[in-house]
Structure formats: structure tokens, C-alpha cells
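Contents: one structure, followed by commentary.
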Amino acid sequence: MAEALKKIQKIGVYTSGGDSPGMNAAIRAVVRSSVYYGLTVSGIYRGYEGMIDNDIIDEMDVRSVNQILQKGGTILESARCEEFRTPEGRLKAYKNLKARKIDALVAIGGNGTFTGAELLSQEHGIPIIGIPGTIDNDLNGTDYTVGFDTATNTAISAVDNIRNTAMSHNRLFFVEVMGRNSGFIAANTGLASGAVDILIPEREGSIDAIVEKLEKGRLRKKTSSIVVVAEGCKLGSTADIAQQVCSKLNYFDAKVTILGHIQRGGNPTSFDRILASRLGVAAVEGLIAGKKNVMAGLIKNEVVYTSFKDAIIEKDYVDEEVLRVANILSI
Ligand code: F6P
């Protein structure tokens, strides 16, 4: 006979890993939908670190998430926690959850967050549902992760500003965007800002290929050139790449701009607010329906649940179509 579904009464919610714009909207959705369905919800500070340290708000109510929908960052704060990588750390965390009668969790984060969630659940049996919260868009099981759209818009608006000065001085700019292992921000930023080339970790690329594109642009009297580089680009650091390119094309006055953490902050776009709100509700409804150890995502505008294991397999593809179109348009 099938095991009777254990009724969930108290959910713990946390954000972990690199923060992303829209995490607050997700927290709000988890808290409000839990209250809507008659559940109690606890807020765990600083992800797994707070779980281990017992840094937990025992009960969040509807008002505790007032006015956060539109704000970047995460009111629950975030961390990357070494101790949680050990079975002892996870046991400590579980004991704190048990003492507070938290019987299910909603984890908002990326790869590392879901790797930890899978282990905690396997070892201690607590059901967990994830919400993809990372600017990198590097999870399977969802078309977009919460924060990607905002981060990309931030990068695009920075490149637009750079373009103004680049045109005025006839300069070449190498603009580094985030993405240690993932080129989604770079690809979309490059296409939307008219970059002459886009360098991403998933593609080898070569200095000669960049040089060839820049030379073509110069011959057609292009007044500014932007190369968008993902931070994890395999050709080297952005400064190295710029230096190597300029050694072959010394008539270019080249500058390097690293956008850095500016991309992680800021008010979430409407896209990220809506995505986070839908997935927050989907996570709570999934737990109530007995789902566990899955990530809620949106594929073709429908909610889908994907096992943590599948969600975190490194995405071995890039958005070929975005890159193809960017390449055609950069002639
Ligand atoms: O995973 C999100 C991300 O912003 C990556 O794009 C970036 O490489 C990394 O986090 C930076 O992490 P930290 O803020 O810990 O330096």
C-alpha cells in the first residue's frame, strides 16, 4: 500500500549562494502562499550557515514580507557555507529544523544550493523544493532563472553608456560581464547591445577570430567596437585578451571595463518579479501535493518540476540561436 502522505505544517524558506534580483519576490510568494494554505513559515537567515547557527525567524507572517517585491538582494541574506558540505554540518542544521518542527523546506538559489538540499534530504528525509535563483541562468528544468533578466538588463544599460563614450572617442571596449561557467548573460547582453564579438566559457574562441572581426569593422568605418566577455572565458582574463588583441591591432585605443557585482543588484524587472511569484507559489503547492527534492521551473510558460539531480547537471549548451543572430548582425 502506498505510504500515506505526511501532512506538512511548517515550511522553512531560505536563500543561498550568490543573491539574485527577484529573490525577495520569491520569499514573499512562499510566505504568502503558505499562509494562504494555512501553513506556518519560518525564515532561515544566511542559507545553510543560518540553518547551522539556528539563525531563524520562527514565524513570518503576511506583513513581514510587505514592500519587498520590488527590492533587489534578499531580506533573508545569503551565504556560501563550507561547514554544510560535511555530514556533521548537515546533521547540526537538521537538528535545528527538527527542534522548531520545520517539516519541509523551500530553497532559493542555484547549483550549490540544490546540491546541499539534495544531500540534506537524502540524509534526513526532509522534503525540499527549489526555486531557481541565480543570475547565471545555468540550471536545467527552467527556461529562465530568477535574476537573469534583471542582471542582463543592468549589463545592457551599462554597455549602452559605454557605447556613448566609445563612439565619441572611436574606441574599442572589452566589457566583462558575470558568468564563471556560463555565457548566457554575455550572449544576451552582446546581442542586445550590438557587440562585435561575444566570448563565453562554453566556446573556445581565438584571438585571431576577434582580430578578424574588429578589422572588418574598422574597414567599414565603425566608430566604436564593443566585445562582451564572460568572466569565465577560456582565452584568459579580459585584460589579457585586450592586450593580446591590441598587440595585433595597435591602432585601436582599447579600454577594459569589468561590470562585476553591479549586475547582481537592483530592482527586479517585471519578468523576474512574475517568474519569482509564480515559482514561489508553485514550490508551496508542490510541497502540499507531496513533491520533494525537485526544482520548480517554467518551461514554455508552464510550471514543471525537475529533480535536483537533473536541474544541476552542468548545462552543456549555449543559446546557439542568440549567438548566431548576434554574429549575423555584427558584420
Ligand atoms: O553565480 C552567480 C555569480 O554572480 C557568478 O556569475 C559569479 O561568477 C559569481 O556569482 C560571483 O560570486 P561571488 O559574489 O561569491 O564573488
* **Charged-residue dipole, Cβ positions (Lys, Arg, Asp, Glu), the chain about Cα centre, Debye nearest 20** => 560 debye
* Asked: Per residue, how much accessible area does segment 122-184 have with a 1.4 Å probe, in Å²?
  -> 34 Å²
* Taking square-rooted eigenvalues a ≥ b ≥ c of the alpha carbon gyration tensor, is segment 1-98 rounded, prolate or oblate, where a/c under 1.5 means rounded and, failing that, a/b exceeding b/c means prolate? -> oblate
* Percent antiparallel among DSSP beta bridges (both partners in segment 150-264, rounded to 5) -> 0 percent
* Structure fact -> The relative contact order of the chain, taking Cα pairs under 8 Å that sit 6 or more residues apart, comes to a percentage of 23 percent
* Extension gain (nm, one decimal) between residue 59 and residue 314, 0.36 nm per residue minus Cα-Cα -> 88.2 nm
* To do: Check the straight Cα-Cα distances from residue 7 and name the lysines below 16 Å, setting aside those fewer than 8 residues away within the same chain.
  => 98, 101, 291, 292
* Asked: Cα gyration tensor of segment 150-264, axes a ≥ b ≥ c as square roots of the eigenvalues: rounded (a/c below 1.5), prolate (a/b > b/c) or oblate?
  -> oblate
* Rounded if a/c is under 1.5, else prolate if a/b is larger than b/c, else oblate: which is the chain, with a ≥ b ≥ c the root eigenvalues of its Cα gyration tensor? -> prolate
* Structure fact -> Here, residue 222 and residue 122, labelled 7 Å along Cα→Cβ, have an inter-label distance in nm of 4.8 nm
* To do: Taking the Cα centre of segment 150-264 as origin, sum charge times position over the Cβ atoms of Lys and Arg (+1) and Asp and Glu (-1), and report the length of that vector in debye to the nearest 20.
  => 320 debye
* Asked: Taking residue 213 as the anchor, which lysines have their alpha carbon closer than 26 Å to its alpha carbon, excluding any fewer than eight residues away along the same chain?
  -> 221, 222, 234, 248, 255
* Take the Cβ-Cβ distance between residue 251 and residue 324 as r, set R0 to 35 Å, and report the resulting FRET efficiency rounded to the nearest 0.05. => 0.75
* To do: With a 1.4 Å probe and every protein chain kept in, tell me what percent of the accessible surface of the chain is carbon plus sulfur.
  => 50 percent
* Structure fact -> Of 20-29, 64-73, ordering from highest average Cβ density within 10 Å down gives 20-29, 64-73
* Asked: Which loop trypsin sites (Lys or Arg not before Pro) in segment 267-302, with loop taken from DSSP, have no more than 14 other Cβ atoms within 10 angstrom of their Cβ?
  -> 300
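The values are calculated or read from the model by the stated rules, or taken from the named source; none is laboratory data. Bear in mind that the values here come from a model prediction, so they are computed numbers and not experimental data. Cβ: placed from backbone, ideal geometry, glycine included. Neighbour counts: every protein chain shown. Calculation scope for accessible area: heavy atoms of the full protein, side chains included, ligands and nucleic acids excluded. Shrake-Rupley method; radii C 1.70, N 1.55, O 1.52, S 1.80 Å.
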